[in-house]
Amino acid sequence: MNEKPDNLTFAHVCTMIIMITLCAVCISISVGTAKSKYRYTHGNYVKEYATIVRYELTNGRYDFDKSYTTFYEYEADGGVYYGYWQRLIYDEEDAKAQVGKKVPIYVDHTAKHHTKSLEFSTTQIWIAAAVAFVSFLLFINSFVRETIFIIRWKKYKKAIKSENKG
C-alpha cells in the first residue's frame with residue numbers, strides 16, 4: 001500500500017496568498033518608483049525659490065519629544081506648489097525662524113510637477129523588485145508542492161480503492 005501523503009494544504013494556500021499579494025504590491029511599488037524616476041530624469045525642471053509659510057507641531061505632547069515641520073509654497077502657472085520642507089525640528093524657535101525664508105525647489109512648468117531635489121536613488125526600485133522576485137519564487141514553491149500533494153493524494157486514494165476491491 002502507498003503511504004498517505006502529508007497534508008499541508010492550509011499552510012501552502014496561506015503561503016501562496018501572502019506571497020502573491022506581496023509580489024503584486026512590490027511590483028506596483030517598483031513600477032511606480034520607476035515612473036517617478038523617468039519623470040525626474042526626463043522633465044524640464046527649473047530651479048525656483050519657494051517661501052516657507054508656516055510650521056506645525058507634528059509630534060509629541062510633552063516637552064521632551066516635541067518636533068516641528070516647516071511647509072513651503074510657490075505660486076506659478078495659475079496654481080500653488082506646496083509641500084513640507086523640513087521635519088524633526090526640535091526647537092520651536094528654529095522652526096519659527098524659518099518662516100519667510102526662501103528655499104530652492106525644482107518645477108516642471110509644463111507637467112505642473114515639482115520636487116525638492118533632482119537627486120534620485122534607484123535603491124527602492126531594486127529592493128522592491130528583489131522582494132517581488134523572492135516572493136514569486138516562494139509562491140511557485142508552494143504551488144508545486146501543493147500540486148505534488150494532490151497527485152500523490154489521488155494515487156493514494158486509487159491504491160486504497162483497488163485494495164478494498166481486491
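The values are calculated or read from the model by the stated rules, or taken from the named source; none is laboratory data. This one's a predicted model, so the numbers in the text were calculated from it and none came from an experiment. All Cβ positions, even for glycine, are placed from backbone atoms using ideal geometry, and neighbour counts span all protein chains on display.
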- In the stretch 24-81, which residues are in a helix (DSSP H, G or I) and among the aromatic types (Phe, Trp, Tyr)? TYR38, TYR40, PHE64
- Any idea how many residues of the stretch 79-103 are within 28 Å of the chain's Cα centre (by Cα), surrounded by fewer than 14 Cβ atoms within 10 Å (Cβ to Cβ) and farther than 18 Å from SER67 by Cβ? 1
- Query: If you take the residues of the stretch 26-56 that are surrounded by 12 or more Cβ atoms within 10 Å (Cβ to Cβ) and without any contact (Cβ under 8 Å) to a residue 12 or more places away in the chain, which of them is nearest to TYR90 (Cα to Cα)?
  - Reply: GLY32
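Residue-by-condition table, conditions (1) under 15 Å from GLU48 (Cα atoms); (2) touching a helix residue (DSSP H, G or I) at 6+ places or on another chain (Cβ under 8 Å); (3) at pLDDT 90 or above:
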residue: ASP63; (1), (2), (3): no, no, no
residue: LYS66; (1), (2), (3): no, yes, no
residue: THR70; (1), (2), (3): no, yes, yes
residue: LEU88; (1), (2), (3): no, no, no
residue: ALA95; (1), (2), (3): no, no, yes
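Quick check on SER67: is it closer than 18 Å to ILE127 by Cα and hydroxyl-bearing (Ser, Thr, Tyr)?
Criteria not met by SER67.
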- Query: What do you reckon, is TYR106 surrounded by 14 or more Cβ atoms within 10 Å (Cβ to Cβ) and not aliphatic (A, V, I, L, M)?
  - Reply: yes
- Task: For residues that are of a type in the set (Ser, Thr, Tyr) and assigned to a strand (DSSP E or B), scanning just the stretch 90-128, find the one that is farthest from ALA34 (Cα to Cα).
- Result: TYR106
- Taking the options GLU146, GLU163, name whichever one is in contact (Cβ under 8 Å) with a residue 40 or more places away in the chain and within 30 Å of ILE18 (Cβ to Cβ). GLU146
